[in-house]
Amino acid sequence: MSANRGVESLLDAHLTVNRPGWSLDIEISVQPRGVTALLGPNGAGKSTALQAIAGLRKLDAGRVVLAGRVLDEPASGVWVVPEDRAVGLVFQDYLLFPRMSARDNVAFGLRARGMSKAEARERANSWLSRVGLAAHADRRPAELSGGQAQRVALARALATDPGLLLLDEPLAALDAATRMSVRTELRRHLDAFDGATVVVTHDPLDALVLADTVIVIEDGRVVQAGAPAVVARQPRTRYVAQLVGLNLLRGTACGGVVRLDDGALLAVRDEHDGSVFVVLRPAAISVYAREPHGSPRNSWPAVLTSVEQQGNAVRLAASGPPDLIVDVTPDAVADLRLTVGAQVWLSAKATDAVVYPV
Amino acid sequence: MISAPRTPRIVQRRRSRQPYALITLAAIGVAFLALPLVGLLVRAPWHSVPHKLASGDVTTALRLSFETATMATALSLVLGVPIAWCLVRLKIRGRAVLRALTTLPLVLPPVAGGIALLLAYGRRGVVGEWLLRAFGLSLPFTTAAVVVAETFVAMPFLIISVEGALRGIDARYDAAAATLGASKFFTFRHVTLPMLAPGIVAGAVLCWARALGEFGATITFAGSYPGTTQTMPLQIYLALQDDPDAAIVLSIVLLGVSMAVLIGLRDRWLRA
């Protein structure tokens, strides 16, 4: 996480929160205009991290520094209340104030800072038109669609001109069709925002589209961090591999051969030594009814444990070793009579195996 | 022998059968509550109603009841809503004790409440003696004492009602407002209060109705002086001793007015 060192980071946080039987201990730093995604399964501690940065939960140790100002540091007793932090937070379910119009929701933060009603409303109007909702200014939250409510919540947070914007699962409450367009639009607003942004999500696509840095959290710890494309291509945990739909195998490399931890041998193109990860795309694995002979140097007998239609492909889960997921065409399923319990042979080309050190 | 097609019919009959035990008990309960009112209407000396109503005493007492009940409700709103907020939103130690304390008048016999008020605010009372010496103020047996007695007895109704409504409001709205830079008080006024409005109105109606009917604490702490402390319930009680017909007429008037106010408010506010 020292990727940002050398460049002045806007947010510099080391978050430690202890709860009975669980703890969060992660470091986050975000540069100005940077967007960092916290990616992780439910219960990993993503939302706890956001709450700690926003000041809705106190740290047990560590510190939160925003633009050189210490906001929370238990060791020195510094604590800044959330209303004085200049940190905007968009909640997963938006929490728009139900008894106010969209305009008054957006104007709320400005009014709270003592701005006159007329001026606050004018600013709110301009924010609403920026998110394309000028015509909906008088509507109550209950009269807005999910996508519209999300944009009002974003405008409400941005209207207070925060130095740091926190988004908690910003697209989780939307249906799949809306999510696409809102995600693209959100990207546009984040590009225009000159503060730093932290997005919490469990959807790798959010991280890929919105963020320039991804921090993967599992069980309160950072398990991987880096550029989204790298994280997606070279996952380091089973969770990330599953998210991006890849087979992640671990083993010990000796030249062009990897002995996988489950005992299988895998020939690879590049030579490595020591502990490595191996990634195999599900579509790069072939299925045969009998032991194959020919160019693929890697083949293993396996038993199918599930067969499921996924879009245009059929996804198979096979029990090896190694255990793999495989994507095949519906034709192949019919030709090879692929059913649960079927005995098959799986093979992969050495050139399709991506290998990188642990 | 079990025949399969019969099963659905049995299910259907089961579903349509009413819970007669519950309905019977409810009917008995309704009769129990309604019969005294019926008795009041049946035995009312209707021929003398216009005459009784025309007397100044009734209108004076009625007006006094309305004014004091309304003031007691206002006082309960000003003090009770913040109490409810503190009970729900503040993490304070001894909250259970505080809640018990603020709702104590619900279980305390009103007459005992009146005696307690006398001991606190009477001329020889803990606070009253000081009030008298420092400001020359004497509370007991004044209209203000009526308001104090009614507030003491009726405010817990408001507190309980508002507290319940407040519990139903997501505390994360406060968190959202805080991240937007709003102080707790600003948030209370602009976010919490509008969301709380139906609960506050319901509580205020209950509180007002309770204050309007207050008898025990009022007669103990404020006495029964026509024009200053003699509210309708007090007048009814006194009339019962020498002119039962007048007591009946007064009861009907109080009943009619209370019903009219409650029904009017219910239609506008209390329909969830």
On the basis of being surrounded by 15 or more Cβ atoms within 10 Å (Cβ to Cβ) and at pLDDT 90 or above, does B:Leu62 make the cut?
no
From the set of residues in segment B:163-192 that are within 7 Å of chain A (Cβ to nearest Cβ) and β-branched (Val, Ile, Thr), which is farthest from A:Gln92 (Cα to Cα)?
B:Val191
Can you find even one residue in segment A:211-223 that is among the basic types (Lys, Arg), at pLDDT 85 or above and part of a loop (DSSP other than H, G, I, E, B)?
no
Among the residues of segment A:37-59, are any touching a residue at least 12 places away in the same chain (Cβ under 8 Å), among the charged types (D, E, K, R) and surrounded by 19 or more Cβ atoms within 10 Å (Cβ to Cβ)?
yes
Apart from one, (1) closer than 30 Å to B:Ser251 by Cβ; (2) free of Cβ contacts under 8 Å to residues at least 24 places away in the same chain all hold for B:Ser138; the odd one out is (1)
Suppose we filter segment A:143-188 for residues that are of a type outside the set (Ser, Thr, Tyr), touching a helix residue (DSSP H, G or I) at 6+ places or on another chain (Cβ under 7 Å) and in a helix (DSSP H, G or I); how many remain?
15
Would you check if B:Thr220 is out of contact with any strand residue (DSSP E or B) (no Cβ under 9 Å at 6 or more places or on another chain), surrounded by 18 or more Cβ atoms within 10 Å (Cβ to Cβ), at pLDDT below 95 and in a loop (DSSP other than H, G, I, E, B)?
no
I need a count of the residues in segment A:73-98 that are without any contact (Cβ under 8 Å) to a residue 60 or more places away in the chain, in a strand (DSSP E or B) and either more than 14 Å from every other protein chain (Cβ to nearest Cβ) or β-branched (Val, Ile, Thr) (or both).
2
Filter segment B:108-128 for residues that are modelled with pLDDT under 90 and either within 25 Å of B:Trp85 (Cβ to Cβ) or among the small types (Gly, Ala, Ser) (or both); the one that is surrounded by the fewest Cβ atoms within 10 Å (Cβ to Cβ) is B:Gly125
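Yes or no, residue by residue, for (1) surrounded by fewer than 20 Cβ atoms within 10 Å (Cβ to Cβ); (2) within 19 Å of the chain's Cα centre (by Cα):
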position	(1), (2)
B:Glu214	no, yes
B:Asp242	yes, no
B:Ala246	no, no
B:Gly256	yes, yes
B:Ala260	yes, yes
B:Gly264	yes, yes
Here's a check for you: in segment A:30-72, which residue that is of a type in the set (Gly, Ala, Ser) and in a helix (DSSP H, G or I) is nearest to A:Gly109 (Cα to Cα)?
A:Ala54
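The values are calculated or read from the model by the stated rules, or taken from the named source; none is laboratory data. This is a predicted model, so every value here is computed, not measured. Every residue, glycine among them, receives a Cβ derived from its backbone with ideal geometry; neighbour counts consider all protein chains shown.
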